[in-house]
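Notes follow the structure.
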Amino acid sequence: MLGAAVPATGAGPCLPMLSHVTAELRNWSGTYQFTAHEVITARTVDEVQQAVAKAKAGGGRIRAIGTRHSFNDLADNGATLVSVAGIAPDPEIDEANRTVTAGAGMSYGALATWLQDRGWALGNLGSLPHISIGGATATGTHGSGSRNQVLSAAVSGLQYVAADGELRHVDRTTPDFAGLPVGLGAFGIVVRLTLDIQPSYLVRQDAYTHLAWDAALEDLDAIMDAAYSVSLFTDWSGETLHAAWVKRRVDDATADVPEEFFGARRDPGPVRFIDAPADNLTVLGVAGPWAQRLPHFRLDSTPSNGDEIQSEYFVDRRHGAAALAAVKREAAKITPLLLVSEIRATAPDELWLSGSYQRETLAIHFTWRNEPDRVNAVLKHVEAALEPFAPRPHWGKVSHVTAAQVAEHYPKLADARDLFARLDPDGQFSNQRLERLGVRAPAKAQGGTSKRQR
Ligand SMILES: Cc1cc2nc3c(=O)[nH]c(=O)nc-3n(C[C@H](O)[C@H](O)[C@H](O)COP(=O)(O)OP(=O)(O)OC[C@H]3O[C@@H](n4cnc5c(N)ncnc54)[C@H](O)[C@@H]3O)c2cc1C
């Protein structure tokens, strides 16, 4: 078994676990209805261990659930789900090693605020600070910035409840560790993570509107490399993109920024180029702490009504402009169904199931209207347009890619499947999605899922 056993922490007497039937449990956007019949909200690691041991004894499936921000059946299993959000996160900084260790159920936003208050920082954040660290890292969630890796690449250690119910610790010195940070919930229930940190820093973000498509395709690399984080927003129609959202690390809160960005003009705001009220978005035009500028959505607000479906594909940045041009040719089909698309860059990493595994990546994201049938139809065209560029789908978003395509585009898939099979030989942590995509072998006989999508 991979990983050193962690001694019991003296969690105290066993408390009854909270559980409920999930008749109406849906994902954050309400577009996926879970089929699991029980969600256990564990309040201690011991309760997670008990739940896993009970599932093992009964031959049933069990799986971690985060904040339910994924858009497909990845977190579901038709049986029992465990949330670790009720376990006290107890973040701890190790200044010498520049790491923080915290509970997997803690949200990125809560951790970011906690770190910032102590003068420390994470290297990057996703657009939404409300997602759990455990769930976000498990799917390779990324922010933006051509020199920033996916959030999972900051994971230097994990504590997880393994298939035998034991608590184990793994870190970068553990063989095959690279298969675990983007673990898709497939090998155990992660209860604590250790993440790389750095001293706190300031970020200023500015919006530049009406970037010409010609400039974007001509200068794509220079645009994506132009700042700490660059996001391009578009609906794919017309001659210009809506905006470039540019986040710069600055040493001085009064530092000036250029008024022009590859021909686009700085818009002092308030701007509303994504589907959220302007006051739900983090502040533009004034430098501030990293935790309040790197996410697009403010921690203290609800990001949008959530009535949406998301898809995202990662392509090799060398072919980024060609991939964008191919998608743009499908604009007539895409635009009527789209709320907005966001184009970002990420740096390569070594994590086996990361969308940026060993390649400079362009991430092409779609936020769709909540019209599943029409979205499914248009996705076939988007995926056909992207297929020449070896697209890797985001694990937590809607796509139609097949097991064969996943195997072709994620070169370490077979190694990950072998690793998960070693760690979880009975497929306790597996589910139908992992089996459909070839991440886990088909189950012998545990509780399955039958997807119900609104
Ligand atoms: C508004 C919005 C904005 C988003 N922005 C971004 C973005 O900027 N970049 C990006 O890449 N993605 C983005 N996403 C996608 C999101 O980050 C992923 O879907 C992420 O996995 C959600 O985390 P979660 O905690 O909700 O996990 P869930 O959706 O609940 O679960 C996802 C997976 O993680 C596993 N998991 C959860 N907790 C644990 C645990 N403790 N141990 C082991 N496995 C676990 C589950 O089993 C499941 O397989 C966004 C989603 C939304 C709704």
If you go through the range 363-381 one residue at a time, do you hit one that is buried (at least 18 other Cβ atoms within 10 Å of the Cβ), under 15 Å from G140 (Cα atoms), of a type in the set (V, I, T) and within 13 Å of the ligand (Cβ to nearest atom)? yes
For A377, the lone unmet condition from (1) small (G, A, S); (2) in contact (Cβ under 8 Å) with a residue 12 or more places away in the chain; (3) within 21 Å of V398 (Cα to Cα) is (2)
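Could we say that N431 is open to solvent by less than 10 Å² (accessible area, probe 1.4 Å), within 13 Å of the ligand (Cβ to nearest atom) and over 22 Å from F177 (Cβ atoms) here? Reasoning before the result, please.
On the way: open to solvent by less than 10 Å² (accessible area, probe 1.4 Å): yes; within 13 Å of the ligand (Cβ to nearest atom): yes; over 22 Å from F177 (Cβ atoms): yes.
Judged against the criteria, N431 is a match.
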Which residues, counting only those in the range 195-211, are in a strand (DSSP E or B) and touching a helix residue (DSSP H, G or I) at 6+ places or on another chain (Cβ under 9 Å)? L195, D196, L202, V203
Restricting the range 310-342 to residues that are in contact with a Leu (Cβ under 9 Å, 6 or more places away or on another chain) and within 12 Å of the ligand (Cβ to nearest atom), which is farthest from V375 (Cα to Cα)? F314
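Check V161, V155, V84 and return the single one that is within 12 Å of the ligand (Cβ to nearest atom), open to solvent by 10 Å² or more (accessible area, probe 1.4 Å), of a type in the set (A, V, I, L, M) and at pLDDT 95 or above.
On the way: V161 fails: open to solvent by 10 Å² or more (accessible area, probe 1.4 Å); V155 fails: open to solvent by 10 Å² or more (accessible area, probe 1.4 Å).
None of the others qualify; the one that does is V84.
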In the set V170, V182, V161, V203, the lone residue that is out of contact with any His (no Cβ under 6 Å at 6 or more places or on another chain) and more than 30 Å from R440 (Cα to Cα) is V203
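Taking G355, is it within 13 Å of the ligand (Cβ to nearest atom), open to solvent by less than 50 Å² (accessible area, probe 1.4 Å) and modelled with pLDDT of 95 or more?
Numbers: within 13 Å of the ligand (Cβ to nearest atom): yes; open to solvent by less than 50 Å² (accessible area, probe 1.4 Å): yes; modelled with pLDDT of 95 or more: yes.
So G355 passes the test.
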If you scan the range 108-122, which residues turn out to be away from the ligand (no atom under 14 Å from the Cβ) and either open to solvent by 20 Å² or more (accessible area, probe 1.4 Å) or closer than 23 Å to H365 by Cβ (or both)? T113, W114, Q116, D117, R118, G119, W120
Of the numbered conditions (1) closer than 30 Å to S70 by Cα; (2) surrounded by fewer than 17 Cβ atoms within 10 Å (Cβ to Cβ); (3) over 21 Å from the mean Cα position of the chain (by Cα); (4) among the charged types (D, E, K, R), E239 fails exactly one; give the number of that condition. (1)
Output the residue which, of all residues in the range 87-107 that are more than 24 Å from L434 (Cβ to Cβ) and within 12 Å of the ligand (Cβ to nearest atom), is farthest from the chain's Cα centre (by Cα). I87
Restricting attention to the range 336-391, the residues that are among the polar types (S, T, N, Q), outside any loop (DSSP other than H, G, I, E, B) and in contact with a strand residue (DSSP E or B) (Cβ under 8 Å, 6 or more places away or on another chain) number exactly 4
Residues (assigned to a helix (DSSP H, G or I), among the polar types (S, T, N, Q) and either in contact with a His (Cβ under 8 Å, 6 or more places away or on another chain) or touching a residue at least 60 places away in the same chain (Cβ under 8 Å) (or both)) located in the range 118-154: S152
Mind listing just one residue for me: the one in the range 130-150 that is touching a Phe, Trp or Tyr at 6+ places or on another chain (Cβ under 9 Å) and over 23 Å from Y160 (Cα atoms) and, of those, nearest to the ligand (Cβ to nearest atom)? S144
Of the residues R392, R293, R344, R317, which single one is touching a Gly at 6+ places or on another chain (Cβ under 7 Å), among the basic types (K, R) and surrounded by 21 or more Cβ atoms within 10 Å (Cβ to Cβ)? R392
Residue list for the range 392-405, restricted to those being outside any strand (DSSP E or B) and within 15 Å of the ligand (Cβ to nearest atom): H394, W395, G396, K397, V398, S399
What's the number of the only condition in (1) at pLDDT below 95; (2) in a strand (DSSP E or B) that A253 fails to meet? (2)
The range 328-373 - residue that is closer than 24 Å to L125 by Cβ and hydroxyl-bearing (S, T, Y) and, of those, nearest to the chain's Cα centre (by Cα): S354
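The values are calculated or read from the model by the stated rules, or taken from the named source; none is laboratory data. From a predicted model like this one, the values you see are computed outputs, not experimental measurements. Note: ideal-geometry Cβ built from the backbone for every residue, glycine included; neighbour counts use all protein chains shown. Surface accessibility is based on the protein's heavy atoms, side chains included, excluding ligands, DNA and RNA. Shrake-Rupley method; radii C 1.70, N 1.55, O 1.52, S 1.80 Å.
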